[in-house]
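Here the structure comes first, spelled out in structure tokens, and everything after it is commentary.
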Amino acid sequence: MIDRFSAVDRAATVAATTVGKTGGGYGSVADSVSLSPLGKSLHDESLVVFNALSDKQRGQLVSLVDSGKMTGEEVHDALKQRLKEARSSALNATHRMFSKDHDDLYRNPGATGDDLNNALADTLKRRSSLIENMTAATNDDERQSLSDELASRGLGPDRTGLLGKQRYIMPQFFTPDLADSRIASTRKEGDAAYKLQSLGFDLDGVDQALRSIGEQDSAAILSERAGLPSSRVVARDSSFSMEDAVIQPLAFPQSNGGSIDENGFLARMRAQDQWLGKTSDPVGVVRWIDPPARAALADAPASASVDGEADAAKVAFIKGLKPRY
């Protein structure tokens with residue numbers, strides 16, 4: 001990996017129309033770029049993403065910041081959000097593959113934690129091999145076939161009747177952790193990604209560039225959770241705040257008396273389910289979402305309809321950010 005200023009220098013040099021004409025090479029723009037808003041803003045996750053992009057993509061980001069259409073901090077937030085989505089998508093796909101490949105463990109009441117960990121290690125090894133083969137593939141059809149295998153879509157094993165058994169296996173390493181800042185995004189990061197897309201920047205191209213990195217990071221996170229050895233460590237996002245997270249822990253609304261309003265909670269869930277049943281937008285299509293203002297919602301009377309609108313906007317916001325995995 002190259003350092004921050006060298007990476008941004010390279011992008012700015014490619015973006016400039018005078019590349020190769022001054023004879024100064026990268027050093028001819030080093031001072032100005034190292035002090036640029038983008039150069040000062042890229043770090044940690046966003047720098048990882050920036051280094052994974054093509055020269056053309058880097059040049060487009062430099063141009064957006066230089067033109068004032070986006071700030072360096074907004075680009076940082078947007079790129080960080082895409083990396084988190086890459087990790088999340090890889091983790092979910094790993095879960096699907098694990099469930100299909102090791103269905104026997106779900107049906108075995110004697111399965112132990114070691115059995116689950118060994119099965120996870122096998123799945124991670126298989127996915128690592130698939131990523132290597134996909135990266136090396138020169139044929140589009142072969143690449144697509146490997147990509148589909150990694151996505152592990154389609155119907156899983158029939159688990160009818162498992163809930164009636166004495167014991168139901170739930171691998172803890174796949175339990176969602178809403179506070180894991182390596183996967184969880186904030187509203188500000190999501191807004192920045194939508195803004196970047198609205199300016200014509202191809203987020204699909206970013207997601208494709210991050211496919212391998214997302215897989216490697218996901219494998220490291222799962223290995224950490226399961227206590228498996230791993231040579232890769234994924235750092236947590238030090239700026240993440242659960243208060244700003246897009247997905248918040250589920251909580252029951254409170255009635256006027258201070259007790260849990262279960263009826264209001266169920267009505268809110270039903271309103272959200274009705275909206276979800278009507279939507280037909282394909283997952284992976286990024287679109288601009290204009291959700292109800294938080295202040296307006298806070299001042300509005302508590303009702304299932306208002307909550308339903310807010311929940312629908314939030315689900316649309318989250319769904320629109322999902323990569324085409």
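The values are calculated or read from the model by the stated rules, or taken from the named source; none is laboratory data. Nothing here was measured: the structure is a model prediction, and the numbers come from that model. Neighbour counts run over all protein chains shown; Cβ positions are idealised from the backbone, glycine included. Ligands, DNA and RNA are excluded from the accessible area calculation, which covers all protein heavy atoms including side chains. Shrake-Rupley method; radii C 1.70, N 1.55, O 1.52, S 1.80 Å.
Quick one: pull the percentage of alpha-carbon pairs in the range 107-158 with a separation above 13 Å.
In whole percent, the share of Cα-Cα pairs in the range 107-158 beyond 13 Å is 67.
Quick check: at a probe of 1.4 Å, how many percent of the accessible area of the range 37-121 sits on carbon and sulfur atoms?
48 percent
Ignoring ligands, DNA and RNA, what accessible area per residue does the range 42-146 give at 1.4 Å, in Å²?
Solvent-accessible surface per residue comes out at 43 Å².
Would you mind computing, in nm to one decimal, how far apart the modelled labels at N133 and Q248 are, each placed 7 Å from Cα along Cα→Cβ?
4.5 nm
Name the residues whose placed amide hydrogens come within less than 5 Å of the amide hydrogen of T186, ignoring near sequence neighbours (fewer than 5 apart) on the same chain.
When sequence neighbours closer than 5 places are left aside, the close amide H contacts are V246.
Which pairs break 29 Å Cα to Cα here: K100/K188; K40/K319; K40/K84; K100/K195; K40/K188; K125/K188? Could you put the intermediate results ahead of the total?
Details: K100/K188 36 Å; K40/K319 31 Å; K40/K84 21 Å; K100/K195 38 Å; K40/K188 19 Å; K125/K188 35 Å.
Over 29 Å apart, Cα to Cα: K100/K188; K40/K319; K100/K195; K125/K188.
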